[in-house]
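Student: To start, I am sharing the structure in question, which I have written as structure tokens.
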Amino acid sequence: MSRIEARGVGLRYGRREALRAVDAVVEPGSILGIIGPNGSGKSSLLRVLSGVRTPETGAVLVDGRPLQEVSDRERGRTIAVVPQETHPAFPIRVREMVLLGRAPHLGPFGWEGPADLRAANDAMRRTETLELAERRVDQLSGGERQRVVLARALAQEAPILLLDEPTAFLDLRHAVVLLDLVRDLAREGRSVGLVVHDLNLASMYCDRLLLLSAGSVAAEGTPDEVLTWKLLCRVYGTELYVAPNDVTGKTVVLPLSREHLERLHRGS
Ligand SMILES: Nc1ncnc2c1ncn2[C@@H]1O[C@H](COP(=O)(O)OP(=O)(O)OP(=O)(O)O)[C@@H](O)[C@H]1O
Ligand SMILES: [Mg+2]
């Protein structure tokens, strides 16, 4: 088990400030949901946590140790990432792509052993991608490819899992299947950082939420503490309906169309 933490992190792209004094903690056994409008810094925070970008100010600590001091190989064994961009896919088979997740575990000659094949198979089984194993990655649908990228991250068997909108291309069933799996992984002791746009999924699955607004933390807490009407309307700059749901007991968030708003204002 590993704990990952961003402390007072600031990040710039040239003159554009993407993150300012951001604190975030991902505890073992739990899911931290990272939410916020487009461009608020969610992917940037994930890039900093995964070590893809080094912050200009502040630090990222893994079990109290600065991430910069961790070797690439060790980082690969500790942190698995599912990025937002689905890179142009290579014409390799799904099974080979998932096996790439084993790279940080392989010996000096890069041979895959039975343990690696087992980890890859297990990852494909859990992500329902076994039936795609012999297909070419560049010939899959966006949603299928997204599940394969998760399978690769799972095969890595890292205690920290960072996911950037893993449900973006998924249909309703696959989104729920994937997030059920992510929650199981957290319950098994992994630390999960999850960027998610859908606030209803964030409400249902995350233990804590970090709401970003223009690169700063606007709120941090349990979903019920963070998903409040006034705050969300302000940060997202639109009118919303926010209320607890009878079935799940969790907060639901609905955007309101102009037509509904006009009706509300007319009081009908
Ligand atoms: N490589 C880059 N070069 C310059 N600016 C960048 C780069 N990547 C992101 N930015 C800018 O940094 C800010 C934060 O971007 P980021 O990708 O972290 O947002 P996000 O919250 O993930 O948004 P989205 O919901 O659209 O994925 C944005 O203003 C974006 O334009
Ligand atoms: Mg993003």
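Student: Do any strands (runs of 3 or more DSSP E) lying entirely in segment 30-84 carry at least 1 residues that are more than 20 Å from Pro104 (Cα to Cα), and which ones are they?
Tutor: Passing ranges, in order: 30-35, 57-62.
Student: State which residue is farthest from Met1 (Cα to Cα) when the search covers only segment 20-29 and only residues that are in a strand (DSSP E or B) and in contact (Cβ under 8 Å) with a residue 24 or more places away in the chain.
Tutor: Here the residue is Arg20.
Student: Hey, another quick one. Within segment 183-205, which residues are within 16 Å of ligand 1 (Cβ to nearest atom) and either part of a loop (DSSP other than H, G, I, E, B) or of a type in the set (S, T, N, Q) (or both)?
Tutor: Val196, His197, Asp198
Student: Where residues in segment 121-158 are part of a loop (DSSP other than H, G, I, E, B) and surrounded by 21 or more Cβ atoms within 10 Å (Cβ to Cβ), which of them is farthest from ligand 1 (Cβ to nearest atom)?
Tutor: Looking at residues that are part of a loop (DSSP other than H, G, I, E, B) and surrounded by 21 or more Cβ atoms within 10 Å (Cβ to Cβ), I get Thr129.
Student: If you take the residues of segment 91-108 that are of a type outside the set (Gly, Ala, Ser) and touching a strand residue (DSSP E or B) at 6+ places or on another chain (Cβ under 9 Å), which of them is surrounded by the fewest Cβ atoms within 10 Å (Cβ to Cβ)?
Tutor: Looking at the filtered set, the residue picked out is Pro91.
Student: Going through segment 14-24 one residue at a time, which ones are over 18 Å from Val182 (Cβ atoms) and buried (at least 17 other Cβ atoms within 10 Å of the Cβ)?
Tutor: Selection gives Ala18, Leu19, Arg20, Val22.
Student: Can you tell me which residue among Arg208, Arg173, Arg187 is free of Cβ contacts under 8 Å to residues at least 12 places away in the same chain and either surrounded by fewer than 17 Cβ atoms within 10 Å (Cβ to Cβ) or away from ligand 2 (no atom under 16 Å from the Cβ) (or both)?
Tutor: None of the other options fit; the residue is Arg173.
Student: Does segment 38-60 hold any residues that are buried (at least 17 other Cβ atoms within 10 Å of the Cβ) and in contact with a helix residue (DSSP H, G or I) (Cβ under 9 Å, 6 or more places away or on another chain), and which are they?
Tutor: Correct list: Ser40, Val48, Leu49, Ser50, Gly51, Arg53, Pro55, Gly58, Val60.
Student: Hey, does segment 35-50 have a residue that's more than 19 Å from Leu161 (Cβ to Cβ), in contact with a Gly (Cβ under 7 Å, 6 or more places away or on another chain), more than 16 Å from ligand 2 (Cβ to nearest atom) and in contact (Cβ under 8 Å) with a residue 24 or more places away in the chain?
Tutor: Scanning segment 35-50 turns up no residue that is more than 19 Å from Leu161 (Cβ to Cβ), in contact with a Gly (Cβ under 7 Å, 6 or more places away or on another chain), more than 16 Å from ligand 2 (Cβ to nearest atom) and in contact (Cβ under 8 Å) with a residue 24 or more places away in the chain.
None of the figures in this text is laboratory data; all of them are computed from the coordinates on show. Small disclaimer: the values here were computed from a predicted structure and weren't measured. Cβ: placed from backbone, ideal geometry, glycine included. Neighbour counts: every protein chain shown.
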